[in-house]
Amino acid sequence: MRLQDVYALQVPSLVKGRFQRVTNGKPIDIYLPAVSVPLSGDDCFLVGKVAYEQEDYYHSVQWLEESVRLFRGTGREWSPENEGTLEDALDHLAFSHFKTGNISSALSLSQELLHHDPMNGRVLQNVEKYEKLLVTSPAKSVRGSGLKRPTSTYLRTRDTYERLCQTQGSQPMHFENPRLFCDYFTNGNPGLLLLPVRREVLSLQPYVVLYHNFINDAEAEDIKGLAHTGLRRSVVATGVKQETAEYRISKSAWLNGSAQSTVGKLDQKISRLTGLNVKHPYGEYLQVVNYGIGGHYEPHFDHATSPSSPVYKLKTGNRVATFMIYLSSVEAGGSTAFIYANFSVPVVEKAAIFWWNLHRNGQGDVDTLHAGCPVLIGDKWVANKWIHEYGQEFQHRCSLNPEE
Ligand SMILES: O=C(O)CCC(=O)C(=O)O
Ligand SMILES: [Fe+2]
C-alpha cells in the first residue's frame, strides 16, 4: 500500500503484475518486470484485509474490489491455499463501502452475499439497514468525490517527497545551475593523486556531492557479509530513547573494524576524500542498512535537533556531516530525496554521497531534510558514516556567519 501511494501505482495494473501510473489519462509503465506475475483473488483479499483491519477503507475498497472480481471469475472453486473466499471478500468489501459512504454498493454486495449464504442473520440485518438508509437519505447513498487517501501518515512534505521519489533521481541540470560541475577530485591528498575520484557536485546549498566508484565489488560484498548476522530492525531517536518507527523500515548493523579490515580501509578512504577525522568517537561506527521491498526512511535530519538526542552520547558534538555509500544497486525505487533542496539521487551502485548537516556556526541546516524512498523492486544496501563536530577543528573552519 505504501508503494501504491508513493509511486501512484494503479491497483488493477498491480493485479496484472504490471507497475503502472496514470498520466494524462493513460496508463504508463514505470518499470517493466522480466516476467509479470499476476495476483490471485486471495492475494488481493490478504492486502485488502490488512487495510480493513487498520480501518483504512480507502485501500481496502480498492484491493477487495479486485479480490471480489477475481473470486467471482474463478467459478467459486476453493483452493486449500486460500485464506479467503468470495463470501469473505464480499462481506469485507460491503462494509468498506458502507464506511466510505457508498451505501448502494454496500447494499448490492450484501445482496450478492445473501445469495450464497441466505441464512446469515448479520448480513440480513445489514441489508435492511442499508435499504432504510437509501430511503431516508438517498443523497448520501453514493459517494460524492470518490475515495480520499487517509491522512494518518500525513507529512507536510508528502507531495514533494512523492514527486521526488517518483522521478527516481531528478537533479538540477548544468544549464539550470551553471555552478554545478563534475571533476576528478584529489582533495589535495597525495594518496589520491594517481587515482582521483570522479566527483559530481549535486547541490551547492546544501553542499551535496556524489563520489563515483568509491567502493569496489569485493569491499561492498565484504561489508554486507560482515553486517549480516548483526542486522536488526532499525531504530530512530525519539527524545532520549531509540525506538522502531513506521517512518523508518529497514534493518541495520553497526560495524567496528580494525585498521587492517575493509571497514578500517574505508575509514581511511573517507578521511582522505573529506579531509575529516572519522576515527571513533569523532566518527560513529559504520552503520550498514538493508531495505527490502517497501523499506523506506521518510524525511528526516541526520543531525540532532534536540539537546537530549542520543547523538550527543559520544560527547563529540552534533553530526556535522554524512557520508553514505551505496553498497548495492536497486531495480526500482529507493532514491535518496532532498525535500527542501528539491532534488533526488538515484541509487548509484558503489558511489558515495556526502553532505554537511550543519552550518559553519554549528546550527542544523534545515535544507538537508532528506529521505530514502521506498524500494519498489530489489534489495537496497547502504552504509552510513556520521562525522561529528569535534575532531574537525583544524579541518573544517567555524564561522559566526549564519549564511555559511
Ligand atoms: O537510504 C537512503 O537513501 C537514505 C538513508 C538515510 O538517510 C539514513 O540512513 O539516515
Ligand atoms: Fe539520513
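The values are calculated or read from the model by the stated rules, or taken from the named source; none is laboratory data. Model, not experiment: these values are computed from the prediction. Note that we place each Cβ from the backbone using ideal geometry, even for glycine, and neighbour counts take in every protein chain shown. Just so you know, the surface numbers come from the protein's heavy atoms only, side chains and all, with ligands and any DNA or RNA stripped out. Shrake-Rupley method; radii C 1.70, N 1.55, O 1.52, S 1.80 Å.
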Check: What are the residue pairs meeting all of these: first residue in the stretch 390-403, first residue of a type in the set (F, W, Y), second residue in a loop (DSSP other than H, G, I, E, B), Cβ atoms under 7 Å, and 6 or more apart or on different chains?
Finding: Y390/Y282; Y390/T316; Y390/G317
Margin query: Only one of V240, V209 is assigned by TED's automatic domain parsing to the domain that holds A351, over 14 Å from F343 (Cβ atoms) and hydrophobic (A, V, I, L, M, F, W, C). Can you tell me which?
Written below: V240
Checklist line | Given (1) at pLDDT 95 or above; (2) more than 10 Å from ligand 1 (Cβ to nearest atom); (3) within 23 Å of F185 (Cβ to Cβ), number of the condition I353 does not satisfy | finding: (2)
Next item on the list: Please list, ordered by first then second residue, the pairs with beta carbon atoms under 6 Å, 6 or more apart or interchain, first in the stretch 344-359 and in the same structural domain as I223 (by TED's automatic domain parsing) and charged (D, E, K, R), second within 12 Å of ligand 1 (Cβ to nearest atom) and part of a strand (DSSP E or B).
Entry: E349/Y326
Notebook entry, point to check: Taking into account only those residues within the stretch 343-374 that are within 25 Å of Y31 (Cβ to Cβ) and outside any loop (DSSP other than H, G, I, E, B), which is nearest to the chain's Cα centre (by Cα)?
Noted result: G372
Notebook entry, point to check: Quick one: in the stretch 3-27, which of the residues that are assigned to a helix (DSSP H, G or I) and touching a strand residue (DSSP E or B) at 6+ places or on another chain (Cβ under 7 Å) is surrounded by the fewest Cβ atoms within 10 Å (Cβ to Cβ)?
Noted result: S13
Check: If only one of D267, D302 is assigned by TED's automatic domain parsing to the domain that holds A341 and either within 16 Å of ligand 1 (Cβ to nearest atom) or under 25 Å from the mean Cα position of the chain (by Cα) (or both), which one is it?
Finding: D302
Notebook entry, point to check: If you check W386 against the conditions, is it in contact with a strand residue (DSSP E or B) (Cβ under 7 Å, 6 or more places away or on another chain), within 14 Å of ligand 1 (Cβ to nearest atom), open to solvent by 10 Å² or more (accessible area, probe 1.4 Å) and closer than 20 Å to T274 by Cβ?
Noted result: yes
Margin query: Can you go through A227, A237, A139 and tell me which one is aliphatic (A, V, I, L, M) and modelled with pLDDT of 95 or more?
Written below: A227
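Across the stretch 303-314, what is the total count of residues that are free of Cβ contacts under 8 Å to residues at least 60 places away in the same chain and within 14 Å of ligand 2 (Cβ to nearest atom)?
Taking the stretch 303-314 first, the residues free of Cβ contacts under 8 Å to residues at least 60 places away in the same chain are 305, 307, 312-313.
Filter again for within 14 Å of ligand 2 (Cβ to nearest atom), leaving 305.
Residues meeting the conditions: 1.
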Notebook entry, point to check: When the residues of the stretch 315-349 are filtered to those that are more than 16 Å from ligand 2 (Cβ to nearest atom) and open to solvent by 50 Å² or more (accessible area, probe 1.4 Å), which remaining residue is nearest to Y390 (Cα to Cα)?
Noted result: K315
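Quick one: count up the residues across the stretch 28-58 that are of a type in the set (S, T, Y) and either surrounded by fewer than 21 Cβ atoms within 10 Å (Cβ to Cβ) or free of Cβ contacts under 8 Å to residues at least 40 places away in the same chain (or both).
The total comes to 4.
Sort out which residues of the stretch 330-342 are among the polar types (S, T, N, Q) and either at pLDDT 95 or above or not in a loop (DSSP other than H, G, I, E, B) (or both), and write them in order of number.
Listed by number, the residues that qualify are S335, T336.
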Check: Where in the stretch 171-262 are the strands (runs of 3 or more DSSP E), entirely inside, with at least 1 residues that are within 16 Å of ligand 2 (Cβ to nearest atom), surrounded by 11 or more Cβ atoms within 10 Å (Cβ to Cβ) and aliphatic (A, V, I, L, M)?
Finding: 197-203, 208-211, 236-238
Note to self: Return the pair list, or none, for Cβ contacts closer than 8 Å from residues in the stretch 361-382 that are at negative phi and in the same structural domain as S335 (by TED's automatic domain parsing) to residues that are assigned to a helix (DSSP H, G or I) and among the hydroxyl-bearing types (S, T, Y), at least 6 apart or on different chains.
What the structure shows: A371/Y161; C373/Y161
Margin query: Looking at A337, A341 in this structure, which one is within 13 Å of ligand 1 (Cβ to nearest atom) and small (G, A, S)?
Written below: A337
Next item on the list: Identify all residues within the stretch 59-84 that are among the β-branched types (V, I, T), open to solvent by less than 40 Å² (accessible area, probe 1.4 Å) and at pLDDT below 95; write none if there are none.
Entry: none
Check: If we scan the stretch 393-403, do we find a residue that is modelled with pLDDT of 95 or more and either surrounded by fewer than 22 Cβ atoms within 10 Å (Cβ to Cβ) or within 15 Å of ligand 2 (Cβ to nearest atom) (or both)?
Finding: no
Item checked: Any pair with Cβ under 9 angstrom, 6 or more apart, that starts in the stretch 248-273 at a residue that is without any contact (Cβ under 8 Å) to a residue 40 or more places away in the chain and ends at one that is among the charged types (D, E, K, R) and within 16 Å of ligand 2 (Cβ to nearest atom) -> W254/E284
Next item on the list: Working only within the stretch 274-302, note down all residues that are touching a strand residue (DSSP E or B) at 6+ places or on another chain (Cβ under 6 Å), open to solvent by less than 40 Å² (accessible area, probe 1.4 Å) and more than 16 Å from ligand 2 (Cβ to nearest atom).
Entry: L276, V278
